[in-house]
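Accompanying notes for the structure given below.
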Amino acid sequence: MATVVKSLIEDNYLHRIEITNLIATAARFVNNTNANIFLTGKAGTGKTTFLRDLAEKTHKRFVIVAPTGIAALNAKGVTIHSQFLLPLGSFIPTRDPSGTVSDTGAFYTQNSLVRKHPLNSVRKQVLRDVDLLIIDEVSMLRADVLDAIDFRLKHARRNYNQPFGGVQVLMIGDLFQLPPIVRDHEWDILRNYYSSVWFFEAQALQQSGCVYIELDKIFRQQDEKFIQILNNLRNNTPTEDDIEELNKHYLSEKEIGKLDEVVTLTTHNHKADKMNGEALDELKTKEFSYAAELDGDFPPSMYPVEESIAMKVGAQIMFIKNDSSDGAYFNGKLAKVTRLESDKIAVIMTGEKTEYVLKKEKWENRKYVLDETSKELEEDIVGSFTQYPIKLAWAITVHKSQGLTFDNAIIDVGQAFAAGQVYVALSRLRSIEGLILRTKISTNAISNDSNVTSFSKRKDEQPPLNELLDKAQQQYIDRLLAQTFDFRDIIDQLLSIKKGAAAKTEFEDESMRTALDLIREAFEKEVANTNGFRSQLMRLLRDGVREQLIERIEKGTAYYMALIQKNSRLLLTHIAEVSQFAKTKTYLNTLEEVDASIVKKQTQIRSLQVTLESILDGKEIESNKALAKKISIERETMINAVAAEVKANPKFSKLKTGRKRKSSTGPKAEKGETYKKTLALFKEGQTIDDVAEKRGLSAGTIESHAAKLIAAGEIKIDHFMDKDDAKEIAKAIVMDANETTSSVVSYLKGRFTYGQVRMVQAVMRSDK
């Protein structure tokens, strides 16, 4: 393979990075297989660059998540808890109610996740649409959280037979850096399910396994001797010579006091804060304050810098972001403040002489949604944080130095408390010449978790990557041929709507009553045909008859695209007709989910040939943006045409709801009977969604039943909601001046449903 070289800014400095065979192989595993992957590598090997490049080029629909808000910002993704709507606490991978595990409220199970923290339609659509889940900084991810992700994907995709519901998972991180955090009381329970808290102990990965890929070319350091010392530290095998060589760089406090424009890496937040505060106080210049500009939804946990930055002339600062416009600075570059005004900060950067006037940078909080027209997965910017991209930098913690690179740094790790902290701190330096030790390093401070060391050995125990890749690519082709021309998921969705919302689809117009049945029957008629066609494709693949295989795929694409286009138009017509009437939002959400599935199926069919030929030719599959744009244009044209037809049709002006009038004949139901039926199902342990499906009612209606039953003292709110969630809603109700359910839901930014708010209101009224 030819060597490819490209320029980029990565790990805080401009350099040229050689795309190695290993990086190319990693990209092939992501794009050409469905294997779960753990991508790791020492500091400075290009993991961040790989992620950025992959996000630009992959043909798969993906979401990027990370364990913390800052990590999510750096990866240009979202937090795990926001994407999967996970509550705070620990996940127990069982179906039991959470109360059987602990009564502290800090634990949740599969049961309570579905019952008390259900996903809305938008989140479900995103999870059903995604092909690839990318988890950055996975070293901080706990095993129980990864199992919670696994369950969420299985439940949303209605696929319990495959780990992560069939979604490919790419996990990126360095296990020798930031570890996961678990409290003693949590581990007392979790140890019954996991050997350790590390993500690789998750039950989902025990079932599926993962390909272990370690990037081995280091771009940050060029000094072979320093690289060897770092490797030995990482592997818990430092020699006496290594320690002696490092300790040659120890300086006394008096000597360190003479240094200028150098940052100290220390172990604890309070130590870094104290050093920065004292250094700022020593400056006799006037203090200025600069406030951030907040717009939309941007929680404090994601603030990349202080909301209000205190600054003085003479302060040592560090940039915490790459310059988004002209490349004047990079993440980790040091500078000294030379001039301040109420709306201006001027600095001179280390190693330079020219004054530079800072400009503010914008960070964006994102969420993933499906475009209403194209059904393409896209990012929606829900909030932003604008501030000067700097922080005081006489000292920072080792934790916050991750991803940064320094020419010179004072390393203060005499009180290292976490495995790998010494390695992380030293690996921030480009060379050993820039090392200054405030405290000498002893072998007692050098340790790495034995679980990590054991897991890292899997790299040497697995078959060669080229063998794994060949096998995984073959499995991926088999999967594509088996699933692309398979409409059972769409049929199941349509059957679920018919079963669960029959009472809601009794429209007065006959064509509206039968619309979904016609679509379902059209796909059902093709079941036998598609089974035979898929078997034929598999046989041609096994026989190695490539030309015939491609020819059959071409003909199958034409045939099934005609089927999809016809029924897609029928569904869009039904959606447009239903949209004419009031009180149809819940039903429309289910229709939108089917529509998204049909569009995804269309994309799979139309891209199959290119995907297959790329793999057979040994090429990496690239993103086909032209096809996505073509499908989007075709859909927009169809939607506009359907909307015009429906608008011109006078038959939908008869009734406000468009539904059949209920007959006044027949026995009248006893007052309260409907609530008794719902209560009986709740007492059987049924969830709100279960009851809604059994009774043919919407989840919102069943939530309203729950509120009335709570008010009547028939059932407790604990059956539906964690105490912490109930307290949060109650606080919002008390603070709400309008005292309306709608305003409370709005105040809580839609994180809780109307029904959940009404339940808490019912409790509060009964307590008065």
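The values are calculated or read from the model by the stated rules, or taken from the named source; none is laboratory data. Because the structure is predicted, anything quoted here is derived from the model rather than measured. Please note: Cβ atoms are built from the backbone with ideal geometry, for glycine as well, and neighbour counts cover all protein chains shown. Heads up: the accessible areas ignore ligands, DNA and RNA and are worked out on the full protein's heavy atoms, side chains in. Shrake-Rupley method; radii C 1.70, N 1.55, O 1.52, S 1.80 Å.
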note = Of the residues in the stretch 692-705 that are aliphatic (A, V, I, L, M) and over 30 Å from the mean Cα position of the chain (by Cα), the one that is nearest to S496 (Cα to Cα) is L697
message = It is to be established whether one or more residues within the stretch 659-669 are surrounded by 15 or more Cβ atoms within 10 Å (Cβ to Cβ) and modelled with pLDDT under 80.
response = yes
message = Tell me whether the stretch 198-208 contains one or more residues that are touching a Cys at 6+ places or on another chain (Cβ under 8 Å) and of a type in the set (A, V, I, L, M).
response = no
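Residue-wise test of (1) at pLDDT below 95; (2) open to solvent by 30 Å² or more (accessible area, probe 1.4 Å); (3) of a type outside the set (A, V, I, L, M).
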| site | (1), (2), (3) |
| --- | --- |
| A576 | yes, no, no |
| T590 | yes, yes, yes |
| T611 | yes, no, yes |
| S614 | yes, no, yes |
| K619 | yes, yes, yes |
ask   = Are any residues in the stretch 249-272 in contact (Cβ under 8 Å) with a residue 24 or more places away in the chain and assigned to a helix (DSSP H, G or I), and if so, which ones?
value = E253, I256, N269, K271, A272
query = Considering only the stretch 349-367, how many residues are farther than 19 Å from F385 by Cβ and of a type in the set (F, W, Y)?
reply = 1
message = Just the residues that are among the aliphatic types (A, V, I, L, M) and open to solvent by 20 Å² or more (accessible area, probe 1.4 Å), please, taken from the stretch 244-261.
response = L251, L259
message = So, R539, is that one charged (D, E, K, R), in a helix (DSSP H, G or I) and open to solvent by less than 70 Å² (accessible area, probe 1.4 Å) or not?
response = no
ask   = In the stretch 388-407, what residues are assigned to a loop (DSSP other than H, G, I, E, B), over 23 Å from T40 (Cβ atoms) and hydrophobic (A, V, I, L, M, F, W, C)?
value = A393, W394
inquiry  = For the stretch 108-160: of the residues being basic (K, R) and either within 13 Å of the chain's Cα centre (by Cα) or under 22 Å from V594 (Cα atoms) (or both), which is most open to solvent (accessible area, probe 1.4 Å)?
reply    = R158
request  = Six or more apart or on different chains, Cβ under 9 Å: which pairs go from a residue in the stretch 514-530 that's under 19 Å from E577 (Cβ atoms) and of a type in the set (D, E) to one that's open to solvent by 20 Å² or more (accessible area, probe 1.4 Å) and in a helix (DSSP H, G or I)? Could you list them?
outcome  = D517/K498
query = Do we find that E214 is under 30 Å from R458 (Cα atoms) and open to solvent by 20 Å² or more (accessible area, probe 1.4 Å) in this structure?
reply = yes
remark   = Within the stretch 166-201, residues closer than 17 Å to T109 by Cα and polar (S, T, N, Q) come out as N192
remark   = Requiring at least 2 residues that are open to solvent by 80 Å² or more (accessible area, probe 1.4 Å), the helices (runs of 4 or more DSSP H) wholly within the stretch 676-735 are 723-735
task = Looking only at the stretch 523-535, decide whether some residue is within 24 Å of L588 (Cα to Cα), open to solvent by less than 80 Å² (accessible area, probe 1.4 Å) and assigned to a helix (DSSP H, G or I).
result = yes
message = Quick check on this structure: which one of M311, M318 is closer than 30 Å to A75 by Cα, at pLDDT 95 or above, among the aliphatic types (A, V, I, L, M) and not in a helix (DSSP H, G or I)?
response = M311
task = Please enumerate the residues belonging to the stretch 278-314 that are more than 30 Å from R366 (Cβ to Cβ), surrounded by fewer than 17 Cβ atoms within 10 Å (Cβ to Cβ) and touching a residue at least 12 places away in the same chain (Cβ under 8 Å).
result = L283, T285, K286, E287, G314
Leading residue by the ranking (nearest to the chain's Cα centre (by Cα)) among those in the stretch 549-558 that are without any contact (Cβ under 8 Å) to a residue 40 or more places away in the chain and loosely packed, with under 14 Cβ neighbours inside 10 Å = A558
